[in-house]
Amino acid sequence: MKLNKWFYLISLSLIWGSSFILIKKALVGLEADQLGSLRIIFSSIIIILIAWKRLSKITRLEWKWISISAFLGSFFPAFLFAFAEKEIDSAVASIINSIVPLNTVVIGLVLFNIRSTKRQIIGVLIGLAGTYMLIMSGIKLNPDQNYLYSGFVILCSFLYALNVNIIKKYLQHLSALTITVGHFAVIIIPSVIVFYFSDFDVNSLKNQETIDSVIYVLILAVFGTALAKILFNKLIKISSPVFASSVTYSMLIVSIFWGLVDGEKFSIYQLIATIIIILGVLLTNKKSIPKNLNP
């Protein structure tokens, strides 16, 4: 079981660590709403073709939580990350996203009655301090970028943290593939509607730039969304919520590497901020103790 957990964690780190640069490349020929909706549409088609029979296994009550989980963990983040990377570097977006484990502890404590240790609380405070330092140093290093858009990534980190706890609490008994196909069955129609109103010009497909962007989205959909969602839901089932969400900092090496290859600036202060964030996350990465609901 321990080997399986680490296999899923490393695989997801490689896949999701590369997703940020794919988003950046896809935005060259597509608008953020077009990218987000196409990413979900492509992923939905792939997953539903593979596992549509599993939809019949989902009960009415389970559909409620799957629908909530689908919008929190898949629908909104697909658009929020696209909008964020219109203004900030892909590596920075990945680093900010690494605060998901910190938010998992906070949300677990506030909404899911999961007790946190003093060590985890200290980790949350350290991680948030590192995030603040990262954003401030980014503003100085890239004055032409609008770092207010980093708020979209911070919002995503809360959505992901909430989603992790929901799956662990209400959907633990379902297989990872069943949860995933349920997610995309819920959000494919809203995504088609968004794409329809996104003013996408079919004639733009005559441009190589647009074609390349669509290819990047397809790669992102197959690996960064469809395959990764199955792996992540499996990881949640066989590990703790905090361990599962810790993939957001193990993938930093991959995302920073791709950012540097693509010519993004990365200062020593941002490196220090990243280390501080990782330290905070490591402090929180300790199994939380559920409260006894019957004292």
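The values are calculated or read from the model by the stated rules, or taken from the named source; none is laboratory data. All values derive from a computational prediction rather than experimental measurement. Heads up, the Cβs are rebuilt from the backbone with ideal geometry, glycines too, and the neighbour counts pull from every protein chain shown.
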**Request:** Just need a number here: residues in segment 27-45 that are more than 16 Å from Val202 (Cα to Cα), assigned to a helix (DSSP H, G or I) and among the hydrophobic types (A, V, I, L, M, F, W, C).
**Result:** 5
**Request:** Might you check whether a residue that is closer than 21 Å to Ile40 by Cβ, buried (at least 23 other Cβ atoms within 10 Å of the Cβ) and not aromatic (Phe, Trp, Tyr) occurs anywhere in segment 188-207?
**Result:** yes
**Message:** Going residue by residue through segment 143-153, is there one that turns out to be under 16 Å from Ile45 (Cα atoms), modelled with pLDDT of 90 or more, among the polar types (S, T, N, Q) and more than 15 Å from the chain's Cα centre (by Cα)?
**Reply:** no
**Request:** Within segment 99-108, identify whether any single residue is touching a residue at least 60 places away in the same chain (Cβ under 8 Å), surrounded by fewer than 16 Cβ atoms within 10 Å (Cβ to Cβ) and within 26 Å of Lys5 (Cβ to Cβ), and answer yes or no.
**Result:** no
**Request:** Residues being within 18 Å of Ser37 (Cβ to Cβ) and in contact (Cβ under 8 Å) with a residue 24 or more places away in the chain: count how many of those fall in segment 164-196.
**Result:** 11
**Message:** Return the residues of segment 141-174 that are crowded, with 16+ Cβ neighbours inside 10 Å and in a loop (DSSP other than H, G, I, E, B); say none if nothing qualifies.
**Reply:** Asn142, Gln145, Leu171, Leu174
**Complete:** Heads up, the helices (runs of 4 or more DSSP H) in segment 227-282 (entirely inside) with at least 1 residues that are surrounded by fewer than 18 Cβ atoms within 10 Å (Cβ to Cβ) are 228-238, 252-261
**Prompt:** Under the condition of being closer than 28 Å to Leu260 by Cβ and either within 14 Å of the chain's Cα centre (by Cα) or of a type in the set (Lys, Arg) (or both), which residue from segment 23-46 is surrounded by the most Cβ atoms within 10 Å (Cβ to Cβ)?
**Reply:** Arg39
**Prompt:** Considering only segment 49-86, how many residues are over 20 Å from Tyr160 (Cβ atoms), in contact (Cβ under 8 Å) with a residue 12 or more places away in the chain, of a type in the set (A, V, I, L, M) and in a helix (DSSP H, G or I)?
**Reply:** 3
**Prompt:** Which residues, counting only those in segment 111-122, are assigned to a helix (DSSP H, G or I) and either over 21 Å from the mean Cα position of the chain (by Cα) or buried (at least 24 other Cβ atoms within 10 Å of the Cβ) (or both)?
**Reply:** Lys118, Arg119, Gln120, Ile121, Ile122
**Prompt:** For Leu3, all conditions in the list (1) touching a residue at least 40 places away in the same chain (Cβ under 8 Å); (2) farther than 14 Å from Gly182 by Cβ; (3) surrounded by fewer than 18 Cβ atoms within 10 Å (Cβ to Cβ) hold save one; what is the number of the exception?
**Reply:** (1)
**Request:** State all residues of segment 73-124 that are within 30 Å of Ile193 (Cβ to Cβ) and of a type in the set (S, T, N, Q); if no residue qualifies, say none.
**Result:** Ser74, Ser90, Ser94, Asn97, Asn103
**Complete:** Apart from one, (1) assigned to a helix (DSSP H, G or I); (2) surrounded by fewer than 23 Cβ atoms within 10 Å (Cβ to Cβ); (3) at pLDDT 90 or above all hold for Leu125; the odd one out is (3)
